[in-house]
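Asker: Here it is, the structure in full.
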Amino acid sequence: MKNHQHVEAHFYSKKLRALSKSFSHGLMVFVISIVLSTAVFAQDQRADLQDIQALIAQTKSQLAEKLEDSERIQQELKLAELEIAEAATQLNQTDQLLKQTSADINALKQEKAQTETRIQRQQSYLANQLKSAYMAGSYDYAKLLFNQDKAGTLERVLTYYQYLNKARQKQIDGFKTLIDTLESVTLELSNKQNDLQSLQKTQLAQSTKLRDRQQVRFEKLAVLNKQIESDQVRVNRLEQQEKDLLSAIERAELAAQRAKATSNLDIELTGLTDKQGQLLLPTSGQVQRLFGKRRQGQVRWKGVVFQTSAGTPVSAVAEGQVLYADWLKGFGLVVIVDHGEGYMSVYGRNQAVLKNVGDAVLAGDTISLVGTSGGQARASLYFELRHKGKALNPSKWLKRG
């Protein structure tokens with residue numbers, strides 16, 4: 001019996017050792033599998049991190065290359081602009097020389113015309129003198145023998161005419177020589193003028209070529225700058241502007257709640273629920289941006305833009321209380337009107353604000369003037385409608401113009 005029990009105990013002891021060994025082995029396998037899977041997961045994470053780091057490095061490298069290209073093109077632009085400036089200076093000098101040469105040629109032509117007039121006048125005088133001398137020399141010499149005094153006078157007159165004729169002929173010859181000189185100088189100046197005109201044409205062609213090259217660099221630089229300044233940067237800026245506006249609205253709501261506790265309005269703010277399609281237009285003008293259209297990247301227009309003249313009155317679309325009247329980045333001078341029940345209207349890009357925070361306004365009351373504040377190139381009004389912070393489509397709420 002004892003022997004049997006001993007054998008049985010030995011058997012169970014052996015089984016337990018086997019089970020223990022098997023359990024230990026299984027536990028070890030389980031632990032190892034967890035360690036291995038964790039290691040693989042960590043390896044995957046490190047690989048992902050390396051991929052991200054490589055992508056960041058690649059992006060930075062590409063950005064650095066683009067920045068280098070941008071710097072190189074800017075230097076090329078600098079040199080091109082200096083060349084253009086030099087060409088413009090030379091062209092200006094040529095223009096001035098051409099003007100002076102043309103003036104000199106005109107002066108010489110005028111002097112030549114005056115000299116030719118003098119020659120004609122002297123030739124006319126000479127012809128008259130010759131005629132007078134001929135008339136004086138046609139006396140009957142037989143009669144002059146009996147009148148010696150008249151003979152002596154006639155001889156002196158003829159001698160005088162001969163002297164005058166020689167003097168006038170000499171003067172005429174001098175004028176002709178002057179005309180020859182003037183014609184020679186005019187010819188030289190004309191040749192110079194032709195050379196300058198040819199030079200001017202060459203310089204103009206060179207300037208045009210330089211400007212064309214400059215334009216190509218401008219376009220390359222614009223493309224690079226557009227790539228460098230990614231859409232995400234602009235999207236972030238627009239989203240920040242929206243956050244600023246929401247923050248301003250939240251601040252205005254808090255201010256309104258505090259104001260309601262200390263003041264009594266003459267009007268009751270009942271919201272706009274029953275006024276859909278009945279709100280007054282905030283201003284005149286053409287709608288340039290429509291609600292919901294893509295503005296930049298994933299950012300869409302939360303309101304509309306009325307293109308109109310600077311100084312055009314801006315009216316409250318419904319009765320309410322002014323919550324905000326100040327400058328806001330990206331929106332310029334902004335007026336926010338609370339209409340109650342979480343409804344608010346927003347008016348941006350104003351030239352001037354005509355109401356103060358806390359003022360009660362009726363539908364149609366002028367609250368501001370259209371302007372270009374917020375860095376706008378053209379005068380316009382930015383208009384939004386919101387309900388509990390959510391933008392509403394103004395076209396569904398405003399009356400048809």
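Only the coordinates and a few stated rules stand behind these numbers; no lab work does. The model shown is predicted, which means the values in this text are computed figures rather than measured ones. For neighbour counting, all protein chains shown are included, and Cβ atoms are generated from backbone atoms with ideal geometry for every residue, glycine included.
Asker: Grab the beta carbon distance between ASN356 and GLN193, set R0 = 60 Å, and tell me the FRET efficiency rounded to 0.05.
Answerer: 0.25
Asker: Using a Förster distance of 30 Å, how high is the FRET efficiency between GLN227 and LYS293, based on the Cβ-Cβ distance and rounded to 0.05?
Answerer: 0.75
Asker: List the equivalent ellipsoid semi-axes of region 81-120 in whole Å, largest first, each obtained as the square root of 5λ for an eigenvalue λ of the Cα gyration tensor.
Answerer: The equivalent ellipsoid of region 81-120 has semi-axes of 38, 4, 4 Å.
Asker: On to the next question. Count charges around VAL314 for me, please; just the other residues with Cβ under 11 Å from its Cβ, Lys/Arg as +1, Asp/Glu as -1.
Answerer: So the surrounding residues net to +1.
Asker: Label-point separation (nm) for ASP274 and LEU79, each offset 7 Å from Cα along Cα-to-Cβ?
Answerer: 7.7
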